[in-house]
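The structure under discussion appears below in the form of structure tokens.
The values are calculated or read from the model by the stated rules, or taken from the named source; none is laboratory data. The shown structure was predicted, so the numbers you read here are calculated from the model rather than taken from an experiment. Using ideal geometry, Cβ is built from the backbone for each residue, glycine included, and neighbour counts are taken over all protein chains shown.
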Amino acid sequence: MVDPSVNERVAQLRKELHYHNYRYHVLDAPVISDAQYDNLMRELREMEAHYPTLVTPDSPTQRVGAAPAEGFAEVAHPVPLLSLDNVFNADELAAWCRRTQQLLERDSFEMVCELKVDGLAVALTYEGGRLVRGATRGDGLRGEDVTLNLRTIRSIPLALHAASQPERFEVRGEVYFPRAGFQKLNEERVAAGEPPYANPRNTAAGSLRQLDPRITAARALDIYVYALGYAEGGPMPDNHWETMAHLREMGFRTNPASAICQNLTEVEAYFQRWLHDKERLDYGVDGVVVKVNRLDYQQHLGVVGREPRWAVAYKFPAIQQVTRLISIGINVGRTGTLNPFAVLEPVNIGGATVKMATLHNEDDIRRKDLRIGDWVVVERAGEVIPQVVAPLASRRTGEEQEFRMPQRCPACGEPVLRPPGEAMTYCLNNGCPAQFSRLLMHFVSRGAMDVEGMGEKLALAFIDAGLVKEVADIYAITREQLLALERMGEKSADNLMGAIAASRSRPLASVLYALGIRHVDRIRDASEADLAEVPGIGPKIAQSIAAHFQREVNRRVLDRLEQAGVGLAEVAAPKEGRGTPLAGLHLVVTGRLSALSRSQAEDRIKELGGSAGSSVTKKTAYLVVGEDAGSKLAQAQKLGIPILSEEQFVRLLESGVAGLGQV
Ligand code: IVH
């Protein structure tokens, strides 16, 4: 006999765990920490291990870990799972509404709008408040018994906590893969060298049909319940909206985005709102389901074939389409990157014709196993550049060809290089015309030299007319040369001359950015706090800057910019802000200085944008040593930190960064 106090404790633990599970997974409002939850779970597991007779199927410990099943048993659905008729625009929706009005013989009827979650439908059967079976939709009449797998979904209650519930009933809902979890799963797969899954919906379906529930359990699926299938024994509300509220009270997870609408204007507003906001959700939705609220009206409207007349799916414009990958082109970016892109058979996706899509880089093409000639799934979500999601491998004929990165730059014919450890391949030729036009456009863009009114068209016109071969050439352009360009009036020419002149005084940081040195963009964009975290400059960036200026042509560009009056002098004349020569550098002063006190020295360092501290670490950029320096000097020598004498330090203070080269 098991001690009654053990029985009591086990029951208590289960009750608490069910409750916290519900708070966490259904309400998104946990009241205890994860660690506290884990402790309760551990205690229950230990007790059940001790007293195996106490284990029940609805115990929270039983969600995971049951042995793999032998395939799935078939399940007949007592009430068929229906599908929905689709409408694709406001006119079609209005037609549905008119027909409904006629059938109901009334002008208005209340509707419930819900998001059409893109997952897979399941039916959950409860008896005496316990989950006894969970099945897939299958063909609507017969599905598969995936109870063990559904039990691993934390937001599906195993035992209900409401007192009043029908003796036997079935709820229906959509199981889906939350985007964040899906992305994490794919990252893990890629890290393990496995191909990523193409989309959350199919992966959710595949996960539910795993023979081993432990795999399902590891997939972090979730559910929104959207209907009551049937209910025996116990009163239920007489409309859909209240039914959902009741299910929520019983412990089911319902979608908070649902709304009651009185007319088509309200339905349309709901549709537009979610069309706009759907990307913010952590799950995919492909439309809005509009349902007649009153259940007696639903009854009256009935079902035709497999589709109820009391509900309709108002679909969002498709964001994915299948089309042909005709070829893979290469764009040369301004830093010389070879950017592959997909040339597609034109296809309409959500109202826009898509002919091209980004392919990121060589590895990405390989990872997706895209071949030229493939039928591919293309996605265009909101403002995002169209993406090639996956190939349809089953439609291959054997004629498809694998992609190879060219060995030479398609624009200039010079050899290209893919540095070890990098995903991108580069054209190293600074004279590359494709690279140069991008560089010029970047050079004059906002945030760089910001030459107002000089867009892509003018940049290309300058290059075509032979006016600009290097970025510095824009400062040599004359008014006459501008006027000789097609469609250039006097006023535009004057404005442009003014804009070019104004760009001479951009801060040094903008000039560096404008020059498009690889990796430097990040310095420019980093906040002061980011920079302060990194005393000095990392080896990669340092190397990139050094390599850039080792090249004669780049040095010349800088010389010529200086001659043209571009404000490079800021290096030697630090003011506040980004131009400060010691910005991001951490210095330590030790020992006795003769010309100034230690705190004066530290103040000067701070004025120049640096920070001063007292302990020498790997992050220290320089140690300034006066007389009688002690352990800090030894520490700096051990760590290989550069040492400045007082004389060198004073020179640095006087001449800014320029002095650093001579120390
Ligand atoms: S109601 C008539 N409500 O859409 C009852 N279905 O095309 C039909 N779905 O198989 C279901 N979200 O998998 C309903 N809020 C929602 C839904 C929804 C997604 C799916 C469900 C169904 C399919 C019908």
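Taking the stated definitions as given, is residue 76 within 13 Å of the ligand (Cβ to nearest atom) and of a type in the set (Gly, Ala, Ser)?
no
Name, by its number, the condition in (1) buried (at least 16 other Cβ atoms within 10 Å of the Cβ); (2) within 16 Å of the ligand (Cβ to nearest atom); (3) of a type in the set (Gly, Ala, Ser) that does not hold for residue 220.
Evaluating residue 220 over (1) buried (at least 16 other Cβ atoms within 10 Å of the Cβ); (2) within 16 Å of the ligand (Cβ to nearest atom); (3) of a type in the set (Gly, Ala, Ser) leaves (2) as the failure.
Just a yes or no: is a residue in segment 191-198 farther than 26 Å from residue 171 by Cβ, part of a loop (DSSP other than H, G, I, E, B) and charged (D, E, K, R)?
yes
Do we have any residue at all in segment 271-280 that's modelled with pLDDT of 95 or more and touching a strand residue (DSSP E or B) at 6+ places or on another chain (Cβ under 8 Å)?
yes
Are any residues in segment 374-421 exposed (fewer than 12 other Cβ atoms within 10 Å of the Cβ), at pLDDT below 90 and outside any loop (DSSP other than H, G, I, E, B), and if so, which ones?
Within segment 374-421, 393, 394 qualify.
Quick check on segment 317-334: of everything there that is of a type outside the set (A, V, I, L, M) and modelled with pLDDT of 90 or more, which residue is nearest to the ligand (Cβ to nearest atom)?
First pass over segment 317-334, keeping only residues of a type outside the set (A, V, I, L, M): 317, 320-321, 323-324, 327, 329, 331, 333-334.
Still in the running and modelled with pLDDT of 90 or more: 323-324, 327, 329.
Values: 323: 25, 324: 29, 327: 37, 329: 39 Å.
Per the stated criteria, the residue is 323.
Under 7 Å between Cβ atoms, which residue pairs at least 6 apart in sequence (or on different chains) link something in segment 10-22 that is touching a residue at least 24 places away in the same chain (Cβ under 8 Å) with a partner that is of a type in the set (Gly, Ala, Ser)?
From segment 10-22, the pairs are 14/59; 18/159; 22/251.
Conditions tested, residue by residue: (1) out of contact with any Pro (no Cβ under 8 Å at 6 or more places or on another chain); (2) away from the ligand (no atom under 11 Å from the Cβ); (3) under 30 Å from residue 145 (Cα atoms).
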| residue | (1), (2), (3) |
| --- | --- |
| 86 | yes, no, yes |
| 92 | yes, yes, no |
| 96 | yes, yes, no |
| 127 | yes, yes, yes |
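Within segment 422-433, is even one residue without any contact (Cβ under 8 Å) to a residue 60 or more places away in the chain, surrounded by 15 or more Cβ atoms within 10 Å (Cβ to Cβ) and not in a helix (DSSP H, G or I)? It would help to see each step written out before you state the result.
In the first step, residues of segment 422-433 are kept if they are without any contact (Cβ under 8 Å) to a residue 60 or more places away in the chain; the result is 422, 433.
Then keep just the ones that are surrounded by 15 or more Cβ atoms within 10 Å (Cβ to Cβ); that gives none.
Looking for residues that are without any contact (Cβ under 8 Å) to a residue 60 or more places away in the chain, surrounded by 15 or more Cβ atoms within 10 Å (Cβ to Cβ) and not in a helix (DSSP H, G or I), one finds none in segment 422-433, hence no.
Give segment 205-222 a look and list any residue that's of a type outside the set (S, T, N, Q), in a helix (DSSP H, G or I), touching a residue at least 12 places away in the same chain (Cβ under 8 Å) and within 24 Å of residue 24 (Cβ to Cβ), or say none. Steps first, please.
Within segment 205-222, the first condition is being of a type outside the set (S, T, N, Q), and the residues that meet it are 205-206, 208-209, 211-215, 217-222.
With in a helix (DSSP H, G or I) added as a condition, the list becomes 205-206, 208, 213-215, 217.
Imposing the further condition that a residue be touching a residue at least 12 places away in the same chain (Cβ under 8 Å) reduces the set to 205, 208, 213-214, 217.
Once the filter is applied, which keeps residues that are of a type outside the set (S, T, N, Q), in a helix (DSSP H, G or I), touching a residue at least 12 places away in the same chain (Cβ under 8 Å) and within 24 Å of residue 24 (Cβ to Cβ), segment 205-222 yields 208, 213, 214, 217.
I need a count of the residues in segment 152-183 that are within 16 Å of the chain's Cα centre (by Cα) and at pLDDT below 90.
Total meeting the criteria: 1.
Look at residue 107 and say whether it is of a type outside the set (Val, Ile, Thr), loosely packed, with under 13 Cβ neighbours inside 10 Å and farther than 30 Å from residue 304 by Cα.
no
Considering only residues that are touching a residue at least 12 places away in the same chain (Cβ under 8 Å) and in a helix (DSSP H, G or I), look in segment 636-650 and name the one that is nearest to the chain's Cα centre (by Cα).
Ranking the candidates gives 639 first.
Looking at (1) near the ligand (Cβ under 10 Å from one of its atoms); (2) of a type in the set (Val, Ile, Thr); (3) at pLDDT 95 or above, find the lone condition where residue 292 falls short.
That leaves (1) as the condition not met.
Has segment 23-41 got at least one residue that is surrounded by 18 or more Cβ atoms within 10 Å (Cβ to Cβ), in contact with a Gly (Cβ under 6 Å, 6 or more places away or on another chain) and either at pLDDT 80 or above or in a helix (DSSP H, G or I) (or both)?
No, every residue in segment 23-41 fails to be surrounded by 18 or more Cβ atoms within 10 Å (Cβ to Cβ), in contact with a Gly (Cβ under 6 Å, 6 or more places away or on another chain) and either at pLDDT 80 or above or in a helix (DSSP H, G or I) (or both).
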